[in-house]
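Let me give you the structure first, and then I'll get to my questions.
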4 protein chains.
Amino acid sequence: MIKVGIVGGTGYTGVELLRLLAQHPDVSVEAITSRSEAGVKVAEMYPNLRGHYDSLAFSEPDAALLGDMDAVFFATPHGVAHALAGDLLARGTRVIDLSADFRLRDIPEWEAWYGQPHGAPELLKEAVYGLPEVHRDAIKNARLVAVPGCYPTAVQLGFLPLLQADMIDPGQLIADCKTGVTGAGRGAKVGSLLAEASESFKAYAANGHRHLPEIRQGLAEAYKGDINLTFVPHLTPMIRGIHATLYGQLTAEPDDLQALFETYYANEPFVDVMPAGSHPETRSVKGNNTCRLAVHRPGNGNTVVVLSVIDNLVKGASGQAIQNLNLMFGLDENLGLKAPALMP
Amino acid sequence: MIKVGIVGGTGYTGVELLRLLAQHPDVSVEAITSRSEAGVKVAEMYPNLRGHYDSLAFSEPDAALLGDMDAVFFATPHGVAHALAGDLLARGTRVIDLSADFRLRDIPEWEAWYGQPHGAPELLKEAVYGLPEVHRDAIKNARLVAVPGCYPTAVQLGFLPLLQADMIDPGQLIADCKTGVTGAGRGAKVGSLLAEASESFKAYAANGHRHLPEIRQGLAEAYKGDINLTFVPHLTPMIRGIHATLYGQLTAEPDDLQALFETYYANEPFVDVMPAGSHPETRSVKGNNTCRLAVHRPGNGNTVVVLSVIDNLVKGASGQAIQNLNLMFGLDENLGLKAPALMP
Amino acid sequence: MIKVGIVGGTGYTGVELLRLLAQHPDVSVEAITSRSEAGVKVAEMYPNLRGHYDSLAFSEPDAALLGDMDAVFFATPHGVAHALAGDLLARGTRVIDLSADFRLRDIPEWEAWYGQPHGAPELLKEAVYGLPEVHRDAIKNARLVAVPGCYPTAVQLGFLPLLQADMIDPGQLIADCKTGVTGAGRGAKVGSLLAEASESFKAYAANGHRHLPEIRQGLAEAYKGDINLTFVPHLTPMIRGIHATLYGQLTAEPDDLQALFETYYANEPFVDVMPAGSHPETRSVKGNNTCRLAVHRPGNGNTVVVLSVIDNLVKGASGQAIQNLNLMFGLDENLGLKAPALMP
Amino acid sequence: MIKVGIVGGTGYTGVELLRLLAQHPDVSVEAITSRSEAGVKVAEMYPNLRGHYDSLAFSEPDAALLGDMDAVFFATPHGVAHALAGDLLARGTRVIDLSADFRLRDIPEWEAWYGQPHGAPELLKEAVYGLPEVHRDAIKNARLVAVPGCYPTAVQLGFLPLLQADMIDPGQLIADCKTGVTGAGRGAKVGSLLAEASESFKAYAANGHRHLPEIRQGLAEAYKGDINLTFVPHLTPMIRGIHATLYGQLTAEPDDLQALFETYYANEPFVDVMPAGSHPETRSVKGNNTCRLAVHRPGNGNTVVVLSVIDNLVKGASGQAIQNLNLMFGLDENLGLKAPALMP
């Protein structure tokens, strides 16, 4: 049994880790920390967990306790993993960080987007970017994994086959993305109230979102060259789900776009290339770790359109974190992640 | 491996059986029938099942094929199980009927509410009402189980402790019930459109609903005497979930209502009596087979209020059907039913 | 032109006053106050008002400014009107209070439910309870009106015909009420987030809600005797709307319940008794000041069921406040309130 | 009083005409036709209209009756206006067609997209495309107006200022559009059920949608040259609203994009250019005839992003139809269209 801890367990990615790990045969959650809820049982805060974690309670973050674990997940705002990861690694505990702390390789860029000094630059070179479809081998040997953001997961998985096949202009990528409101976290904000966010649709951060540099970094690495991306996120009146609609300009007459995608992801357990002509729905991955993709070329023109859907809390966060854990500990990659999506 | 078939697999209870059985270690779905979709793969119709039932396709209903199964679920409108159950039982196949065909013991009453002759009166006396909390032993030996309706499950589980303890007036029961729209099935009806049912709330069938005689029968059996129930169902703008708000008039000064409920359900794996003062939310059982209950006595007055929530598609249909199957085949009662609710 | 001010204009009842008054031919909103948003234009905060109140901005509450108005609406938490109403009345400004400050006649009861001393007991005897269907004449001459709460409006309008006709047992009233989330206000609370309140249904305050004494007071006055009410409110995943399902026990064989209701409300501009057998939907009054009612007697039994729907922000708050203003200033009662509900 | 009729009044655009015209001081709805509902009162089908059109009932379509009107709205599927418009025009009745029958000038293109012969080619040359922001003068003198589609309205209003100023490459336009489910009409389709369309987001018709040739025609006319557009529509879990996110590639360094838009629409009563940096929400126009726009240039790069929101049933259909009627009859353009959006 692999002993794991969760730092910052009161938010949506924390409770999603608990929900998924309740079905994991080889993992035991032994510690969960929250400053604000220390002493409260998790099943008291999240009644869906009643009967599953009856003795587990939130505790104060404590390095000794966490250092006793085989692995620790950070389901925290940025900055927290910076402060604690080094100590845990020194104690032999592996770190799986769901926050943005170790996603960007460029320290000044991180500091510009997050508005504070980088707190653990010395750890950055050993941090592995936890997108298994790109970095599976490195993840297997990693001590410190930076789990990708939700938008970056959906966007990269959609663009990668085209960029690596050198089929689209890297200077004219557009990602029009839509997220459910859990993407904004569990904080009490007026804009996230049902009375405000329901029955409405809007863009936000059209002039720049923190996931932009992360996507750019990942795509540039894959392309082995500079890329230029316009990224516009939108808020959708639903709880879970991301739909990325990706636009690229073809630079060559493609052979068979459908075959390109199917071949590229032939062996991936969590990427599902749907049949030609499909329009994946976000609900087809609700609660599930799959990314479903479809590729279109409207009117046989110059623009290729990729539709990419994930559950922002699963493949976009906690499920992908567990997929990383499975790889790091030599387990079957899909342990704890087998349940079909909840539909309807 | 227990081989099962599903008759009428295109509706919501059919696909929910598939979703849940995908996680059942001892069951294999070998046949699924649908006249309208014969030849279509289930994963084509329900993309959440892609990767789970890749070869399973809908077929025409066929007694020989179904008679080869160890058990067959009927996820059909009323009347279908009447026509097929006898033949299957004769072939040694056990029948778990999610429809209303074998729920009512009184044939004229069934015929009055369903507007057609009862098609299998000879099977009625061996049919077991599949509410495990009441009929567990009979279910274990049953060949034919009538899975309770969604409202009847939520209402009976809430009233039973009070009626069996003879604490409330059986002549003045009120059940104010609220359901998500999957309760109306997957048929294309204008009233179930998002544009019609969303952002609105209404009662329906205030003058009589088919679940009324079923609830009355179950409560009268438990009380061992006549009962009188006012039952008003309401349509709620959500996909899944039933919330029953139950009102009873106390006939004696109760000792400790909370303890009464906790004791009554102490050994039940799928009934969760929440702490005193709780207000269970339907989302706490989304996708899950639990019924969560809370009991209140407002202002210490004469009226007792029970709050009872289930997922109408799980404990109110497909999950309870699987719970019955587990009992009928001597398995652990919770196989295939262990995953926590999806929350948020 | 009647000059009006609004105190506390940033919440949902404040913006709803602005929305409705934009269509009122005889009223001009000249002042709106908010400590937190002073200086901000209302159309900046509420873009639906762009083009309607382009110069109106929130200002600090100021007695001189407000005292210059013909009438002032309080769309504030309780306690605020207590502090300011006396001064305004002294300046000749009429006060229409949407808060709970002047709803209860019993000061100790007010203090018990609101947890603070009553701030203006001397004004209480002249305050008129602003339910036009009961107190129309008094409202016409009032200087100070207490606009009823949302639940009290829906519940009283439903029970009044039965109680005044002495047809139901006043000791056994049940009101099972469901509200949209704007009922909880615009405050940033976790429980009101879309991710928490959507796709779920729950009861709350089953053991006592502040609207209980208000309803009790109104019904007892109408009945001219004590009444006993069990009131359970529920939160529904929608923005606007209240549905009250009311249960009474008949004490006499009724002649014709439908006719009783139709006669009782024959001359009411904002109460619509629907045809026998109807189930009013909350969306049929979305944005509109009407209360729609239907009366049922299930199975011709002893229990009468009344279904009552309003828009909690309109007939349950701001629309009713304007209806009161129209009466107080001798205008047509429906000015500013004529638009049909938004449906779908 | 202008006498109007509505053909096909049972769908969402029909009832929306009724809702809006109930507030129009100079229009009287004297006839409404529906084959399926002939004899039914409109207020019976749409209870929000109770008290507004109490004597109006659906009747069989009848040319004599309709020919008696000053104007007739067609709120019908395509093909119906083709069959009836000529006769009505001959009788001196003006025709405002909300369907696609007269939107495309190119007959073979119409026939290709709609799969049937064009039924009234002789009327096409006098049909005016009813986008007032482009064709106001022609509309004033028109006998036959083709009201634009919902997507075409949102997309054209967003691109026009840029194309007419020759600031973007006409060969690389992208319109990523999102609609509420009323865009799919009131037909009972499984895909539009709350249980299917809620809590999910998906693209549809990525390979070609009937609004594509209409948008292309309008933009090409404005640009006075060929344009190339990729148009991907998406279904959003909400009742009303369209959000168009438009992407263009700058061909020149723009002076001031904000000023360009503000100047372009300075005198338009129903186009609202929001302040720089805004993200218009669809709810800000719910029930209202305004199109709100914002223009962004992310990272000061080469891509310009326009955000455009309308209510698909108002500015995208019935409201714009009334705006056209007002122009055709020399009335104030905003009669019947003055109410602010319903928010929240």
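The values are calculated or read from the model by the stated rules, or taken from the named source; none is laboratory data. All values reported here derive from a predicted model rather than from experimental measurement. Virtual Cβ from ideal backbone geometry, glycine too; neighbours counted across all protein chains shown. To get the accessible areas, we keep the full protein, side chains included, count just its heavy atoms, and leave off ligands, DNA and RNA. Shrake-Rupley method; radii C 1.70, N 1.55, O 1.52, S 1.80 Å.
I'd like the carbon and sulfur percentage of the solvent accessible area for segment C:68-123, probe radius 1.4 Å, heavy atoms only, ligands and nucleic acids excluded.
52 percent
Under a Cβ-Cβ cut-off of 14 Å, what is the net charge of the residues other than C:Leu21 that fall near it, where Lys and Arg count +1 and Asp and Glu count -1?
0
Next question, about the same structure. Using the Cα atoms as the points, what is the convex hull volume per residue of segment B:63-133 in Å³?
Taking the convex hull of the Cα positions in segment B:63-133, it is 92 Å³ per residue.
Here is a follow-up. GNM, chain D, Cα, under 10 Å: largest mean-square fluctuation among D:Ala206, D:Ala71, D:Ala154?
Maximum fluctuation in the GNM of chain D, among the listed residues, is at D:Ala206.
Kindly express, to the nearest 10 degrees and within the range 0 to 90, the angle between helix D:12-21's C-alpha long axis and the longest C-alpha principal axis of chain D.
The helix D:12-21 is inclined about 80 degrees to chain D.
Counting C-alpha atoms alone, how compact is the protein assembly as shown: give Rg to one decimal and Dmax as a whole number, in angstrom.
Here Rg and the maximum Cα pair distance are 31.5, 90 Å.
Same structure, new question: Lysine pairs in chain C with Cα distance under 15 Å, only those 8 or more apart or on different chains: how many are there?
Here the count comes out as 5.
What residues in segment C:9-28 lose 10 Å² or more of accessible surface when the other protein chains are added to their chain alone (1.4 Å probe)?
Buried on complex formation: C:Tyr12, C:Val15, C:Arg19, C:Gln23.
Looking at segment D:32-60, which residues lose a minimum of 10 Å² of accessible area between their chain alone and all protein chains in place, measuring with a 1.4 Å probe and not counting ligands or nucleic acids?
Buried by 10 Å² or more upon assembly, which counts only protein chains, are D:Tyr46, D:Pro47, D:Asn48, D:Arg50, D:His52.
A further question on this structure: Compute the angle between helix B:150-164 and the longest alpha-carbon principal axis of chain B, please, reported from 0 to 90 degrees and rounded to the nearest 10.
Long axis of B:150-164 versus the principal axis of chain B: about 40 degrees.
Rounded to whole Å, give me the distance from the Cα center of segment B:292-316 to that of segment D:91-139.
Comparing the Cα centres of segment B:292-316 and segment D:91-139, I get a distance of 59 Å.
Can you compute log10 of I(q)/I(0) for chain B with the Debye formula, treating each Cα as one identical point scatterer, at q = 0.12 Å⁻¹?
-0.84
For segment C:150-312, would you read off the P(r) tail past 26 Å as a percentage of all alpha carbon pairs?
26 percent
Can you give me the angle between helix C:211-223 and the longest principal axis of chain C, using Cα atoms only, in degrees from 0 to 90, rounded to the nearest 10?
Once rounded, one gets 60 degrees.
Compute the distance from the alpha-carbon center of segment C:1-45 to that of segment B:9-86, in whole Å.
Segment C:1-45 and segment B:9-86 have Cα centres spaced 59 Å from each other.
Distances from B:Gly299 to the same residue in each other copy, label points 7 Å out along Cα→Cβ, in nm, shortest first?
Here B:Gly299 shows inter-copy label distances of 2.8, 6.4, 6.8 nm.
I need the Debye-formula profile for segment D:1-98: one equal scatterer per C-alpha, no solvent, reported as log10 I(q)/I(0) at q = 0.11, 0.22 1/Å, two decimals.
Result of the Debye calculation: -0.27, -1.13.
Take the rotation relating chain D to chain A, measure from its axis to every Cβ in chain D, and name the nearest residue with the distance in whole Å.
Checking which Cβ lies nearest the axis yields D:Asp176, 2.
Quick check for you: with a 1.4 Å probe and neighbouring chains kept, what is the accessible area per residue of chain C, in Å²?
On a per-residue basis, 31 Å².
Hey, another quick one. Which whole-number percent is the relative contact order of chain C (Cα, under 8 Å, 6+ apart)?
Relative contact order, chain C: 17 percent.
If you roll a 1.4 angstrom probe over the protein chains with everything in place, what fraction of the accessible area of segment A:252-291 belongs to carbon and sulfur, to the nearest %?
C and S fraction of accessible area: 46 percent.
Give the nm distances, rounded to one decimal, from D:Leu250 to the matching residue in every other copy, measuring between label points 7 Å along Cα toward the beta carbon; shortest first.
List, nearest first: 3.0, 7.4, 7.6 nm.
Once every DSSP H run of n ≥ 4 in chain D is given -39500 (n - 2.57) and the sum is divided by its residues, what mean residue ellipticity at 222 nm do you get, rounded to the nearest 500 deg cm²/dmol?
-8000 deg cm²/dmol
Among C:Gly79, C:Gly130, C:Gly316, determine the one that fluctuates most according to a GNM of chain C built with springs between C-alpha atoms less than 10 Å apart.
C:Gly79
Right, next: Which is farthest toward the positive dipole end of segment B:2-126 among B:Gly51, B:His78, B:Thr10, measuring Cα position about the Cα centre, with Cβ charges +1 (Lys, Arg) and -1 (Asp, Glu)?
Working it through, the farthest residue towards the positive pole turns out to be B:Gly51.
Could I ask something else about it? When the dipole is taken about the Cα centre of segment D:187-245, and only Lys, Arg (+1) and Asp, Glu (-1) are charged at their Cβ, what size is it in debye, to the nearest 20?
60 debye
Further question on the same structure: Report the FRET efficiency, 1/(1 + (r/R0)^6), for C:Asp87 and A:Tyr204, where r is their Cβ-Cβ distance and R0 is 51 Å, rounded to 0.05.
It comes to 0.75.
Enter the mean number of other protein chain beta carbons within 10 Å of the beta carbon of each residue in B:257-263, as an integer.
Per residue, the number of nearby Cβ atoms from other chains is 0 on average.
For chain A, give the magnitude of the charge dipole about the Cα centre (Cβ charges: +1 Lys/Arg, -1 Asp/Glu; no others), in debye to the nearest 20.
Dipole size: approximately 640 debye.
Moving on. What is the set of long-range amide H partners of A:Ile174 at a cut-off below 5 Å, with H atoms built 1.01 Å from backbone N?
Hits under the 5 Å cutoff: A:Thr230, A:Tyr247.
What accessible area, summed over both chains, is buried at the D-C interface (1.4 Å probe, Å², nearest 100)?
2700 Å²
Give me the percent of DSSP beta bridges within segment C:150-312 that run antiparallel, rounded to the nearest 5.
Here the antiparallel bridges make up roughly 70 percent for segment C:150-312.
Then there's this: Of the DSSP beta bridges with both residues in the protein assembly as shown, give the percent that are antiparallel, rounding to the nearest 5.
For the protein assembly as shown, the DSSP antiparallel bridge percentage is about 45.
Summarise the partner chain shielding of B:292-303 as one whole number: the mean count of Cβ atoms from other chains within 10 Å of each residue's Cβ.
Averaged over the peptide's residues, the number is 4.
Distance between the C-alpha centers of segment B:171-195 and segment C:165-187? Whole Å please.
Each part's Cα centre sits 21 Å from the other's.
Where the label is 7 Å out from Cα toward Cβ, how close does D:Thr263 come to the same position in every other copy, in nm, shortest first?
With the label placed 7 Å along Cα→Cβ, D:Thr263 yields 5.3, 7.2, 8.5 nm.
Work out the length of the dipole vector of segment D:207-279 about its Cα centre, built from +1 on the beta-carbon of each Lys and Arg and -1 on the beta-carbon of each Asp and Glu, and round it to the nearest 20 debye.
Magnitude of the dipole: close to 460 debye.
Which residue fluctuates the most in chain D, going by a Gaussian network model with Cα springs under 10 Å, if the choices are D:Gln323, D:Gln23, D:Gln217?
D:Gln23
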